[in-house]
Amino acid sequence: MEANILPSVKTQNEEIILSTKNASFFYHDKTAVKNVTLNIKKNKITSFIGPSGCGKSTLLRSFNRMNDLIPGASVEGDVYYKDQNLYKSSIDPVKIRQQVGMVFQKPNPFPKSIYENIAFGPKINQFQGNMDELVESCLMKAALWDEVKDKLNESAYALSGGQQQRLCIARALAVFPDVLLMDEPASALDPIATLRIEDLMNDLKEEYTIVVVTHNMQQASRVSDYTAFMSIDRDRIDERIGVLVEYDETIKIFTNPKNKETEDYITGRFG
Amino acid sequence: MNMVSNKKRIKNLLSFFHSTGMNDFNEKVMKVLLFGCGVFSILITVGIIISLFSEAIAFFARPEVNLFTFFTGTTWRPLSSNIVPENFGVRPLIRGTLMIAIMSGAIAIPLGLGSAIYLSEYASDRVRNIIKPLLEILAGIPTVVYGYFALSFITPLLKTVLEENLGIDVNFFNALSASIVVGVMIIPMVASISEDAMRAVPRSLREGAYALGATKFEVSTKIVVPAALSGIIAAFILGISRAIGETMAVSIAAGSTPRMTMNPLDSVQTMTSFIVQVSFGDAPSGSINGQSIFAVGATLFAMTFIMNIISQTFIKRFREAYD
Ligand SMILES: Nc1ncnc2c1ncn2[C@@H]1O[C@H](COP(=O)(O)OP(=O)(O)OP(=O)(O)O)[C@@H](O)[C@H]1O
Ligand SMILES: [Mg+2]
């Protein structure tokens, strides 16, 4: 199976911010994802789609070394952020995570006030500027300011799920990242809150690179510029090894996929 | 053959019990039995409280005693002599008790919290599985052993360090030595309850903080500890009420001299050590001396009861925290 498909020639002169080269991921002895090579473009939205368990989250979490937190997780091959090889021993994952931020599937605000949620990241990173202004600008960027400006000192738990998720996005922005990794950021939200998150992603694209995992085909086609379709290796189906099947501009993946499996998946004939 | 028929009989018997009607009956019997157990333990507790307070009331009803001077007086002299009458001012005992509670808390709280953070955030599963049972062993050592450890090891150590080298007087029975062993004694409790509270903090909160570039230390101290704070405070309070109630080790190591002192190297008497002292002696029941221990006991009961209520409210708050 040809897994290492790069985006078409037309876009090759755009800047690449994240990439993997023959990267494989393991949990203990089990191979979760095998041999992924792909380049992610700066200031674009790239979505990862594919059936459950094919390793989308695993791949996503390698870009800020969140996999390090899972006992038994390991990597072979290379993962790059700009020109840094992320899994080299000289790399400090703490520094990487300030530049490559993350938003999770389930909103996970801290049990603190709205203000403190945003201020937490800047504080631990020795932010010297005006904290009030930073909090305001992050909440503005996350399209939450108008809803919370009068209750910044109230608990973040008093917000709705969609508001909490936007708070988590604002919180991630407060440490000035380049990249936002989002693992199914809207799957716990209702359709209206989902659309708001998608609008927000579109706005954020100007300043940030976004990589988003989603199970929602419409969402991938609506928001993303590039789409990577991952699946289970057909040749060794019992081992459930994730592979990258096809990676291209979103419009091509959804209108003219090269691979039969991709076509089946996006048209809902998968399985 | 006999075996077979026995088996058959048991089987019949079992199926008899398992038939619906019998099941219903069993359920009812069990319910009544278990209800009885609950009522029994409540009755015993109520009985203890009644006898404690009725003796205490009898004590306060005596002409020699006065409720006000009991709580404000600074001299505790339960036995009269030819020269001086008895005097019941409970404050020296309360001060001795609090002094040991505070000093042992000062030892157990930082060390217990430190071990809890280590166990919950840093230790691998393997290390945790070794250390936790060890902590529980520490918690299971009889307290009288701690008392003799204080007398035979801690006190001589204090004497060498403070008296011989620095010229500070160290009483053979002293509050510091008792506080050190009581502190060590309650570390496991503080550590284990705090660790439970910290482990209950959802993983997603830790991940959220790591994703912002927090170090492990920052995640532990700025996210996990604050999120588990009410549970941790409950652990502190329970630990301190254990120190307040501790009897054996304190009687052995701190002596039995009721004294309004602030010097931790002096001998003091705590409320509990007064109670054992009188209990081991031959004060006749109904005598003023015999009754005084109930007054002290009731005071002690009120103190730890209030502390336990405070810690229960903290525990409740922390249970509700992440729903
Ligand atoms: N913490 C873990 N420990 C062991 N194996 C894991 C762990 N996390 C994931 N895996 C395994 O790695 C493989 C890929 O999982 P991953 O979560 O990356 O898939 P996914 O594509 O994100 O799935 P989903 O769409 O359900 O979120 C799966 O086979 C999974 O069982
Ligand atoms: Mg996933």
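The values are calculated or read from the model by the stated rules, or taken from the named source; none is laboratory data. On a predicted model such as this, the values are computed, not experimentally measured, just so you know. When we count neighbours, we look across all protein chains shown, and the Cβ atoms used for this are built from the backbone with ideal geometry, even at glycine.
Okay, here's what the table says:
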| read-out | value |
| --- | --- |
| Given (1) under 14 Å from residue B:111 (Cβ atoms); (2) away from chain A (no Cβ under 14 Å), number of the condition residue B:232 does not satisfy | (2) |
| Residue in segment B:192-201 that is within 15 Å of the chain's Cα centre (by Cα), in the same structural domain as residue B:311 (by TED's automatic domain parsing) and among the hydrophobic types (A, V, I, L, M, F, W, C) present | yes |
| Residue match in segment A:47-54 (condition: loosely packed, with under 15 Cβ neighbours inside 10 Å, over 15 Å from residue A:18 (Cα atoms) and within 11 Å of ligand 1 (Cβ to nearest atom)) | yes |
| Filter result for the condition that a residue is more than 14 Å from chain B (Cβ to nearest Cβ) and either surrounded by fewer than 24 Cβ atoms within 10 Å (Cβ to Cβ) or modelled with pLDDT of 95 or more (or both), over A:40, A:70 | A:40 |
| Output for segment A:14-34, where each listed residue is within 12 Å of ligand 2 (Cβ to nearest atom) and surrounded by fewer than 23 Cβ atoms within 10 Å (Cβ to Cβ) | A:32 |
| Members of segment A:82-100 that are facing chain B (nearest Cβ under 9 Å) and either exposed (fewer than 13 other Cβ atoms within 10 Å of the Cβ) or closer than 17 Å to residue B:216 by Cα (or both) | A:93, A:94, A:95, A:96, A:97, A:98 |
| Qualifying position, being on the phi < 0 side of the Ramachandran plot and buried (at least 16 other Cβ atoms within 10 Å of the Cβ), among B:137, B:100, B:130, B:83 | B:100 |
| Boolean, residue A:37 is among the β-branched types (Val, Ile, Thr), under 25 Å from residue A:203 (Cβ atoms) and more than 15 Å from ligand 2 (Cβ to nearest atom) | no |
| Breaking point among (1) in contact (Cβ under 8 Å) with a residue 24 or more places away in the chain; (2) out of contact with any helix residue (DSSP H, G or I) (no Cβ under 8 Å at 6 or more places or on another chain); (3) of a type outside the set (Ser, Thr, Tyr), for residue B:65 | (2) |
| Checklist (1) at pLDDT 90 or above; (2) of a type in the set (Val, Ile, Thr); (3) crowded, with 24+ Cβ neighbours inside 10 Å applied to residue B:193, failing item | (3) |
| Count of segment A:62-101 residues which are within 16 Å of ligand 1 (Cβ to nearest atom), under 28 Å from residue B:126 (Cα atoms) and of a type in the set (A, V, I, L, M) | 5 |
| Pairs with Cβ under 7 Å, 6+ apart, first in segment B:73-93 and over 13 Å from residue B:274 (Cα atoms), second among the basic types (Lys, Arg) | B:73/B:91; B:74/B:91; B:84/B:77; B:86/B:77; B:87/B:77 |
| Flag if residue B:243 is under 26 Å from residue B:311 (Cα atoms), surrounded by 21 or more Cβ atoms within 10 Å (Cβ to Cβ) and among the small types (Gly, Ala, Ser) | yes |
| Pairs, first more than 7 Å from chain A (Cβ to nearest Cβ) in segment B:208-223, second crowded, with 18+ Cβ neighbours inside 10 Å and of a type in the set (Ser, Thr, Tyr), C-beta under 9 Å, six or more apart | B:216/B:210; B:219/B:210; B:220/B:120 |
| Test: residue in segment B:170-178 that is part of a loop (DSSP other than H, G, I, E, B), over 23 Å from the mean Cα position of the chain (by Cα) and exposed (fewer than 14 other Cβ atoms within 10 Å of the Cβ) | yes |
| Strands (runs of 3 or more DSSP E) fully within segment A:120-236 counting 1 or more residues that are within 14 Å of another protein chain (Cβ to nearest Cβ), closer than 26 Å to residue A:54 by Cα and among the hydrophobic types (A, V, I, L, M, F, W, C) | A:179-183, A:209-213 |
| Among residues of segment B:85-108, those that are under 18 Å from the mean Cα position of the chain (by Cα) and of a type in the set (Asp, Glu), counted | 0 |
| Odd one out for residue A:231 among (1) in contact (Cβ under 8 Å) with a residue 24 or more places away in the chain; (2) over 26 Å from residue A:31 (Cα atoms); (3) of a type in the set (S, T, N, Q) | (2) |
| Of all residues in segment A:57-106 being among the aliphatic types (A, V, I, L, M) and within 16 Å of ligand 2 (Cβ to nearest atom), the one that is nearest to residue A:27 (Cα to Cα) | A:73 |
| Selection from segment B:65-124 of residues that are assigned to a helix (DSSP H, G or I) and not assigned by TED's automatic domain parsing to the domain that holds residue B:206 | B:67, B:68, B:69, B:70, B:71, B:72 |
| Flag if residue A:262 is among the polar types (S, T, N, Q), at pLDDT 95 or above and in contact with a helix residue (DSSP H, G or I) (Cβ under 9 Å, 6 or more places away or on another chain) | no |
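Okay, residues lined up against (1) in contact (Cβ under 8 Å) with a residue 60 or more places away in the chain; (2) crowded, with 21+ Cβ neighbours inside 10 Å; (3) in contact with a strand residue (DSSP E or B) (Cβ under 7 Å, 6 or more places away or on another chain); (4) under 24 Å from residue A:215 (Cα atoms):
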{"site": "A:139", "(1), (2), (3), (4)": "no, yes, no, no"}
{"site": "A:145", "(1), (2), (3), (4)": "no, no, no, no"}
{"site": "A:167", "(1), (2), (3), (4)": "yes, yes, no, yes"}
{"site": "A:176", "(1), (2), (3), (4)": "yes, no, no, no"}
{"site": "A:186", "(1), (2), (3), (4)": "no, yes, no, yes"}
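Residues checked against (1) away from every other protein chain (no Cβ under 14 Å); (2) among the β-branched types (Val, Ile, Thr):
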{"residue": "B:162", "(1), (2)": "yes, no"}
{"residue": "B:165", "(1), (2)": "yes, no"}
{"residue": "B:174", "(1), (2)": "yes, no"}
{"residue": "B:179", "(1), (2)": "yes, no"}
{"residue": "B:182", "(1), (2)": "yes, yes"}
{"residue": "B:192", "(1), (2)": "yes, no"}
{"residue": "B:197", "(1), (2)": "no, no"}
{"residue": "B:202", "(1), (2)": "no, no"}
{"residue": "B:205", "(1), (2)": "no, no"}
